[in-house]
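Notes for the one structure printed next.
Quick note: the coordinates plus some simple rules give every number you see, no bench work behind them. Nothing here was measured: the structure is a model prediction, and the numbers come from that model. Here the Cβ is made from the backbone with ideal geometry for all residues, glycine too, and neighbour counts use every protein chain on show.
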Amino acid sequence: MDFISILSIFVLACFVGYYVVWSVTPALHTPLMAVTNAISSVIIVGALIAAATTWDTPAAKWLGLVGVVLASVNIFGGFAVTERMLAMYKKKER
Amino acid sequence: MNFSPSVIPAKAGIQNDKRSALWRWIPAFAGMTMLAATPANAATDQAAGTPAWALIAYLASGVLFILALRGLSSPASSRRGNRFGMVGMLIAVVTTLVTHDIASLPEIAGAIAIGGTVGFIIARRIAMTDMPQLVAAFHSLVGMAAVLVAAAAFLNPGAFGIAEGGVINPVSRVEMGLGSAIGAITFSGSVIAFLKLSGKMSGAPIILPLRHFINLGTIAVILGLCGYFTIDQSPWVFWTITALAFVVGFLLIIPIGGADMPVVVSMLNSYSGWAAAAMGFTLSNTAMIITGALVGSSGAILSYIMCRAMNRSFISVIAGGFGADDSSGGAAAKTDRPWKAGSADDAAFMMSNAENVIIIPGYGMAVAQAQHALREMSDILKEQGVNVKYAIHPVAGRMPGHMNVLLAEANVPYDEVFELEDINSDFAQADVAFIIGANDVVNPAAKTDKSSPIYGMPVFDVDKAKTIFFIKRSMGGVGYAGVDNDVFYMDQTMMLLSDAKKMCEEIVKSLQH
């Protein structure tokens, strides 16, 4: 993909993000931060590419593997803690 | 490929929801794209670029992340949203693994297993009170991961498809440099925020001379080097950018006081998003770009909401130093004014005879872990026919929405909890305002005293309530902003000087007699 297409996606996604985040209820701002944390670890994609290479460039491979570990902590931790918080929000029993 | 992610969200979509038509349709679309991901297509030659189905799969995972945030518009749809996020992540990871030649899977599987186990255990064990520092710690990991990916891409550009014959594309170099710099700032900034929030480092701002000059100068050097990087891809340029960015992240956060940490955490949240987006540009990966933009705007909006709730400009928060100078000499003179002490029995009596009680929790409640005792108290009051509501200020606690999570943890139904704008007009009809561990957010000086550091901040109109109970550890301490509060000395105020948890338990006991 050329730079302009990517830039277009980025700019449009910023607008989507703007409107979606304003629609989040303030009561759920802490889970919002936890889940954005988890999804920003999609950076694991980059770490996986580096980790998938052969040992010809060991430094890059190691950096990739450590990156995979860090991002996995975030992905599993972020989604799990969000799930734990969201499970606590209950409506009044009637 | 033998999995169909469409099954999971489709199941979740069965729960009735007004907007369910859209909710069901999009995961189905995501599922279809994955079904198109047949092994035959997957075998597309690496050199020919990423196969079309993979591009669509990344796009689908980006859309699922949008839905994950959209779900948070209401607690009812939030858990399904979270599951969309998980599916999106799974699609992104699997697509990456399938489209790249993997030298050996065991290392990668091991890395995911180690990280996943650690993350999962932390998520299980963490106390809800410690959520702000956990989020800060997680941000630092995203930042570090971004630096590592940028460094790996620099060392092995061929694997990322951004180089021809060892020469990295100039545009990719800028993206890589920026991604690494933002990641490094996020990392060191988040580490400081974590240390301050967890009390491992003093929350007091550390003011260096000429700090604005140093910070802006260093940022200018980083940007200049990113530009220079396009004409010279020597390793020193990349490593200097990264090293300077680590230093800037550290310098940016140390002058910011503990009271401003909610803004800092939101801001770092935003940075971690921009770092992911920058790496997304390097890899031409739509999932990363969409996510980065979402997270980036999310953090920016949260910072804006926090700043507005404190009536401070974003720049003044970032410039730091708030709470460093113990100003307001008037406050010292005022502290000798008379005030009334109340007891748990007084509070129990007044509240059981009240019609409307509004509870205002603050960070003090979290510190004392009083939320469970408080809920028990309000349960008894409700049984006695008292109308109990909770009022939460946007900056209560140490991160946006922190109080709501703590009350939810104590089983307070979320429809009894109200935001500032929604409840402020109710104080005129309230018989009792019960303030527990909050201070600045009920300070009328924010409305009347132009010299006050918190002037202009929206506050609860507790002075309109017939009776005010103010739980506070002692008369000596002041709120985070370090200003005296006129509410202490008002005729209708009774100070309950005690630990918040102990006081609530005593009130419960007294109510039961």
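Okay, here's what the table says:
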| quantity | calculated |
| --- | --- |
| Distance (nanometres) between label positions extended 7 Å along Cα→Cβ at B:Val247 and B:Tyr455 | 4.0 |
| Shape call, region A:1-52: gyration tensor on alpha carbons, a/c limit 1.5 | oblate |
| Positive-end residue of B:Met128, B:Gly165, B:Asn215, charge dipole of chain B with Cβ unit charges | B:Gly165 |
| Cross-link table B:Lys196/B:Lys382; B:Lys200/B:Lys502; B:Lys196/B:Lys472; B:Lys382/B:Lys472; A:Lys92/B:Lys501; B:Lys196/B:Lys340, entries beyond 28 Å C-alpha to C-alpha | B:Lys196/B:Lys382; B:Lys196/B:Lys340 |
| Computed [θ] at 222 nm, helices only, for chain B once each DSSP H run of length n ≥ 4 contributes -39500 (n - 2.57) | -19000 deg cm²/dmol |
| Volume per residue that the Cα convex hull of chain A spans, once the total is divided by residue count, Å³ | 125 |
| Rh by Kirkwood over Cα pairs, then Stokes-Einstein D for region B:81-124 at 0.890 mPa s and 25 °C, µm²/s | 206 |
| Principal axis dimensions, largest first and in whole angstrom, of region B:191-292 by Cα | 42, 33, 19 |
| Residues in region A:2-17 that a label on B:Glu164 would reach, taking backbone N under 18 Å of a point 7 Å out along Cα→Cβ | A:2-4 |
| Rounded to whole Å, sorted largest first: equivalent-ellipsoid semi-axes of region B:417-513, Cα gyration tensor | 23, 17, 11 |
| Spin-label pair B:Asp415/B:Gln512, simplified geometry with 7 Å Cα→Cβ offset, distance in nm | 3.0 |
| Proximal charge balance of B:Asp431 [Cβ under 10 Å; K/R count +1, D/E count -1] | 0 |
| Relative contact order computed over region B:424-513 (Cα-Cα under 8 Å; 6+ residues apart), in percent | 30 |
| Cα-based equivalent ellipsoid of region B:64-208: semi-axis lengths in Å, sorted from largest, via gyration tensor | 30, 24, 16 |
| With 20 Å bins from 0: P(r) over chain B, alpha-carbon pairs, percent | 20, 46, 28, 6, 0 |
| Loop sites in region B:382-452: trypsin sites (Lys or Arg not before Pro), DSSP, at most 10 other Cβ within 10 Å | B:Lys450 |
| Modelled FRET efficiency - R0 41 Å, A:Phe15 with B:His212, Cβ distances, 0.05 increments | 0.80 |
| Region B:368-413 - Kirkwood radius from inverse mean 1/r over Cα pairs (Å) | 11.3 |
| Debye intensity ratio I(q)/I(0), log10, region A:40-94, q values 0.14, 0.22, 0.32 Å⁻¹ (C-alpha model) | -0.48, -0.77, -1.11 |
| Point-to-point label distance, B:Ser474-A:Trp55, nm (Cα→Cβ direction, 7 Å offset) | 6.3 |
| Gain upon complete extension [B:Asp232, B:Glu355; 0.36 nm per residue less C-alpha separation] | 36.9 nm |
| Three principal axis lengths of region B:367-448 [C-alpha, angstrom, descending] | 38, 30, 21 |
| Residue order, fewest to most beta carbons within 10 Å, for B:His212, B:His139 | B:His212, B:His139 |
| Cβ-Cβ FRET estimate between B:Val367 and B:Ser198, R0 fixed at 22 Å, reported to 0.05 | 0.95 |
| Solvent-free Debye scattering, log10 I(q)/I(0), computed from the Cα coordinates of the protein assembly as shown at q = 0.05, 0.06, 0.10 Å⁻¹ | -0.24, -0.34, -0.86 |
